[in-house]
Amino acid sequence: MPWTLSARSLYTPVEVVDHPQVVIEDGVIAEIRSAKKAEATGRHEHFADAIIVPGFVDIHIHGGAGHDVMEDDPAALPAVEHLLAQHGVTSYFPTTVTAPMDATMRALDRLGRAVKSAAAETAPAQSARARPIGIHLEGPFISHARRGVHPPADLLPPRLQTCEKLWEASHGQIKLLTIAPELEGAPDLIAEAVRKGVCVSLGHSDATLEATERGIAAGARHATHTFNAMRPLSHRDPGILGAVLVDDRLTADVIADGIHLDPGILDLFLRAKGPERAVLITDAIAATGMPDGRYHLGSLEVDVKNGTCLSEGKLAGSVLTMDRAVQTVARLPHWDLRKAVRLATYNPARVVGMTGRGQIAVGMPADMVILGGDGSVQKTVVGGIIN
């Protein structure tokens, strides 16, 4: 049965529609119209002072609600997905962390099956929860010098045979791969991953500018949590950041939690990449939505206190939620809520090639968020189901 959702405004997010009415049928957007007067018949959900925006897309998340996406527990992903929906995320990439090969293969098998199952669902969902739409493989092809908390014993050199094993374990659902371009064999692996339709992202890297450019030439087109786990920028040694910030062939993401980046550096990043090439991620771990304490990130133990996640004294992910990241950007000079929303919707979907996500248009899945004027989440709609 069709139903109608209306509000004060709608951000597609590249355009604004005043007094929108969105007609939803069978989980899909059937019509979008602008009408000050009520035209809807049947079920009608109206939010007078709110804004309808696309569902947020998080392409880098390790867990939440006390669970890690690499867990064996079948309750893990549903718990994470319910928490994500509460914060406006309707689509996400469960993200691995470097682990022993057998553990990584088991996790990829489970996650790949979950992605395929979500894509094949035809019956109406029973509740609004985020859907996995691809896997982000973060590690093992990263730099020892910039590994962050990734276990050094489990890092591997880029080898096509290893990549093929991981690809097969994931049932072909790896859609984003983070790699350090300076590693021997990285350009060949990048080219092969791109051939398979994977978005290759440069990160956890100690690359020089020249090594970074070789990675871009091989097909890399994104950068992972910019500034974090990267060779620092120097006026005589621009390194990987020299390319990430100015090369228009690269999109790039950041963790806007006020901990991973100083506000001034976040502003610099956003000015450099602009509203077309910047992406927001959370890098959230199991502690997200939970009280302070000790949690797991893959096989690692992480202590969480006052919003900071540390493992052996190093930052280990975050407890950031996407709605808070959007609000942070919206408060910056020269930015506003609509532009900030784009960084969490349209841009990440385009980066990973998911053109059916991240925007509000006829024929698209009815994945939307109802935001207050301050960016707070009032309701989330996933596949036409409102929470």
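The values are calculated or read from the model by the stated rules, or taken from the named source; none is laboratory data. All values derive from a computational prediction rather than experimental measurement. Ideal geometry is used to build each Cβ from the backbone, glycine not excepted, and the neighbour counts take in all protein chains shown.
So the values come out like this:
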item: Where a residue in the range 265-277 is assigned by TED's automatic domain parsing to the domain that holds Leu245 and its partner, wherever it lies, is hydroxyl-bearing (Ser, Thr, Tyr) and surrounded by 16 or more Cβ atoms within 10 Å (Cβ to Cβ), with Cβ under 7 Å and at least six apart; result: Phe269/Thr226; Arg277/Thr251
item: Qualifying position, being over 24 Å from Arg338 (Cβ atoms) and either in the same structural domain as Val279 (by TED's automatic domain parsing) or touching a residue at least 40 places away in the same chain (Cβ under 8 Å) (or both), among Gly64, Gly55; result: Gly64
item: Total residues in the range 85-122, condition part of a strand (DSSP E or B) and of a type outside the set (A, V, I, L, M); result: 6
item: Matching residues in the range 320-336 - criterion: being in contact with an Asp or Glu (Cβ under 8 Å, 6 or more places away or on another chain), at pLDDT 95 or above and of a type outside the set (S, T, N, Q); result: Leu320, Met322, Arg324, Ala325, Ala330, Leu332
item: Spans of helices (runs of 4 or more DSSP H) in the range 312-387 with at least 1 residues surrounded by fewer than 24 Cβ atoms within 10 Å (Cβ to Cβ) and over 13 Å from the mean Cα position of the chain (by Cα); result: 322-330, 337-344
item: Residue check, Lys116 surrounded by fewer than 24 Cβ atoms within 10 Å (Cβ to Cβ), touching a strand residue (DSSP E or B) at 6+ places or on another chain (Cβ under 9 Å) and closer than 29 Å to Tyr346 by Cα; result: no
item: Neighbours by Cβ (under 9 Å, 6+ apart or cross-chain): first from the range 302-321, in the same structural domain as Leu84 (by TED's automatic domain parsing); second of a type in the set (Lys, Arg) and modelled with pLDDT of 95 or more; result: Val302/Arg294; Asp303/Arg294; Val304/Arg294
item: Filter result (out of contact with any His (no Cβ under 6 Å at 6 or more places or on another chain), part of a helix (DSSP H, G or I) and surrounded by fewer than 20 Cβ atoms within 10 Å (Cβ to Cβ)) within the range 50-80; result: Pro78
